[in-house]
Amino acid sequence: MENDKYFVIDFDSTFTKVEALDILAEISLEGHPEKEDRIRQIKEITDRGMDGSLSVKESLLKRLQLLEARREHLDELVSRLKNHVSESFKRNKEFIPNFRDNIFIVSNGFRDFIEPVVTPYGIRPDHIHANSFVFDEEGRIVGCDPECLLTENNGKANQLRKLEITGDVYVIGDGYTDYEIKAAGMANSFYAFTENVSRTNVIEKADHVTPNLDEFLFLHNMVRAHSYPKHRIKILLLENIHPQAEKLLKEEGYSVEVHAGGLDEDELCERIKDVSVIGIRSKTNITEKVIAHANRLMVVGAFCIGTNQIDLEACSKKGIAVFNAPYSNTRSVVEMAIGEIILLMRNIPDKSVKMHAGDWDKSAKGSFEVRGKKLGIIGYGNIGSQLSVLAENMGMNVFYYDAIEKLALGNATKCSSLDELLQTVDIISLHVDGRKSNENMISDREFNLMKEGVVFLNLSRGHVVDIPALKKAIESGKVRGAGIDVFPEEPKTNEDPFASELLGLPNTILTPHIGGSTLEAQENIASFVPNKIIDYINTGSTTNSVNFPNLQLPRLENAHRLIHVHLNTPGILASINNILANHNINITGQYLKTNEIIGYVITDIDKKYSEDVIKDLKSIKNTIKFRVLY
């Protein structure tokens, strides 16, 4: 970096997350009868000083008067401030030592607490320009140094003028007084720092808004903790995903946009252009056309079990990782299935309708226990197998069929064919995935094979059941009760109307795709999927990815991590290593895994490398995506 570039950094709410005098108020006013009111007044005065509506000196003196602070309070203040250093300054700890001769702390705050907080990070003591407290004989803080330039209006600009810095000056701060440096012609640019506080009138004056130090370092192409600032990673969450997901992703620093409903293909093609991560549930389809419009997409998060709404092959070919939640809502779906089985075996839906109409129909006719009945489970995956265990514990005899060989749990009996199961059981519960080949797997033929008066549940995917055939089976009495949670066509939002041939049928429970919609399940999903996304972006780990080779990676220490996604063709690893060898780069760790479509190579290297290395690695034939993690 050129020696004629200088950086002026504010302290309160920039270097630290907080205003120091606000923290001092909490310490000095402990036990004071007016504590809460005074703290509120101090914060209001702080804000007025920061937005320029109150003079610097007036702001300081008014707050000091309210504080009633003493010298002995400062040790506790410093201790607390050290725990409130802004995350992006802690994260980018190399920045200050690398450019310590060109970095200044210029603050309207006080050296008494600023110096012990910033010098451990490498700030030179003689580069700290701030006020000093004035104490009386008993150690009470009674004012500030009247000779200090920083107590006056335009004090920061005057302080810079006195320093006679020759070169380009860049100011990073959150207050109006920081902007005044630029306004006075003493700085090239003012960067409004919004990591901790955002002031509209300050942002309006800024040359650039920098949500954190990462953004500033990125704009100046300087060494930083993250190769790409996280707030530049845009995430779009659709379909009423639980707020916990938004919270976790925002806490990580990403820009998150939330849309309540699903989007159709054309809408999504437009919205996804600048999106890096998209989160969906079951209604939104990530098609090949959508992926073709996704210029920046890195990750698809399916906040559900199924991924049939996502073109996994198209995602793989564009180097887009897909994560889902295969276990998070299993229990919720199983409990709903058990509940509906009991309700339907007792004819509760019809009896409830009659009661609401004022019709008292007390009778045991057509009402049965589930104990001893034969339950047939179609699809013996995570949900089907757990349903098997709970049903058996209730005294049911469990039979199951799955296209893939699955080990029976408990005393469940495996059927050799779907037809065998259909002809054997009293209750049928569908738990298959939504692959296209499962479309209408239960139609007229299958209903005809079932026992007379069977109870039928579909809590899997809407298109796996032929709805007209199901309607006919219910009306004929072949199916004595049905529980349907999923439909071939579903409304995109709660405001859209729902229509189905099943409306009004006897002993039929219709629910709006809520099998996994319990608070527990949605919270579990809203934690599980974001954590997988965050782990992938931060470390390259692909554990539990649906379409990427699964790699669980160690934490990156003192190295760069190179992530290379390519078509699964021979020779890629050799090409990567030849390039690194030609540039004299030492490999500290390397991991490779492939599937039928792509190869995934993670290479950890020593810290030093040139841009030519990156260029060469990107140019390897059959490269799909390449990125660097610091």
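Restricting attention to the stretch 183-209 and to residues that are touching a residue at least 24 places away in the same chain (Cβ under 8 Å) and in contact with a Ser or Thr (Cβ under 7 Å, 6 or more places away or on another chain), the residue that is nearest to Met222 (Cα to Cα) turns out to be Tyr191.
Taking (1) part of a helix (DSSP H, G or I); (2) without any contact (Cβ under 8 Å) to a residue 40 or more places away in the chain; (3) closer than 29 Å to Ile103 by Cβ in turn, Leu54 satisfies each apart from (1).
When only residues in the stretch 588-630 that are among the polar types (S, T, N, Q) and part of a loop (DSSP other than H, G, I, E, B) count, which is nearest to Thr542 (Cα to Cα)?
Kept after step one, since they are among the polar types (S, T, N, Q), are these residues of the stretch 588-630: 588, 590, 594-595, 603, 610, 619, 622-623.
Filter again for part of a loop (DSSP other than H, G, I, E, B), leaving 595, 610, 619, 622.
On the way: Asn595: 13, Ser610: 27, Ser619: 24, Asn622: 20 Å.
Per the stated criteria, the residue is Asn595.
Among the residues of the stretch 198-225, none is identified as among the small types (Gly, Ala, Ser) and in a helix (DSSP H, G or I). Evaluating Arg232 against the criteria (1) surrounded by fewer than 20 Cβ atoms within 10 Å (Cβ to Cβ); (2) over 17 Å from Val299 (Cα atoms) leaves one unmet condition, (2). The set of residues from the stretch 102-139 being among the charged types (D, E, K, R) and modelled with pLDDT of 95 or more comprises Arg111, Asp112, Glu115, Arg124, Asp126. Mind checking whether some residue in the stretch 372-379 is over 21 Å from Ser460 (Cα atoms) and touching a residue at least 12 places away in the same chain (Cβ under 8 Å)? Yes, the stretch 372-379 has at least one match.
When Ile428 is tested against (1) among the β-branched types (Val, Ile, Thr); (2) at pLDDT below 95; (3) buried (at least 18 other Cβ atoms within 10 Å of the Cβ), just one condition goes unmet, and that condition is (2). If you take the residues in the stretch 360-388 that are more than 25 Å from Val465 (Cα to Cα) and modelled with pLDDT of 95 or more, which one is surrounded by the fewest Cβ atoms within 10 Å (Cβ to Cβ)? Looking at the filtered set, the residue picked out is Trp360. Quick one: would you say Ile404 is surrounded by fewer than 17 Cβ atoms within 10 Å (Cβ to Cβ), within 30 Å of Val299 (Cα to Cα) and among the aliphatic types (A, V, I, L, M)? Criteria met by Ile404. Pairing each residue of the stretch 32-43 that is part of a loop (DSSP other than H, G, I, E, B) with any residue that is of a type outside the set (Lys, Arg), provided the two are 6+ apart or on different chains, yields C-beta distances under 8 Å for His32/Glu68. Screening Thr210 against (1) crowded, with 19+ Cβ neighbours inside 10 Å; (2) among the hydroxyl-bearing types (Ser, Thr, Tyr); (3) touching a Lys or Arg at 6+ places or on another chain (Cβ under 9 Å) leaves a single unmet condition, (3).
Could you please find all residues in the stretch 538-587 being among the polar types (S, T, N, Q), loosely packed, with under 15 Cβ neighbours inside 10 Å and not in a loop (DSSP other than H, G, I, E, B)? Passing the criteria: Asn578, Asn582. Among what's in the stretch 241-265 and is without any contact (Cβ under 8 Å) to a residue 60 or more places away in the chain and in a loop (DSSP other than H, G, I, E, B), pick the residue that is surrounded by the most Cβ atoms within 10 Å (Cβ to Cβ). That would be Tyr254. Residue count for the stretch 322-357 under the criterion of being of a type in the set (Gly, Ala, Ser), within 19 Å of Ser517 (Cβ to Cβ) and part of a helix (DSSP H, G or I): the result is 3.
In a residue-by-residue description of the stretch 28-36, the property of being at pLDDT below 90, buried (at least 20 other Cβ atoms within 10 Å of the Cβ) and either in contact with a Cys (Cβ under 6 Å, 6 or more places away or on another chain) or among the polar types (S, T, N, Q) (or both) applies to no position.
The values are calculated or read from the model by the stated rules, or taken from the named source; none is laboratory data. Not measured: the values here are computed from a predicted model. Cβ sites come from the backbone with ideal geometry, for glycine too, and all protein chains shown count toward neighbours.
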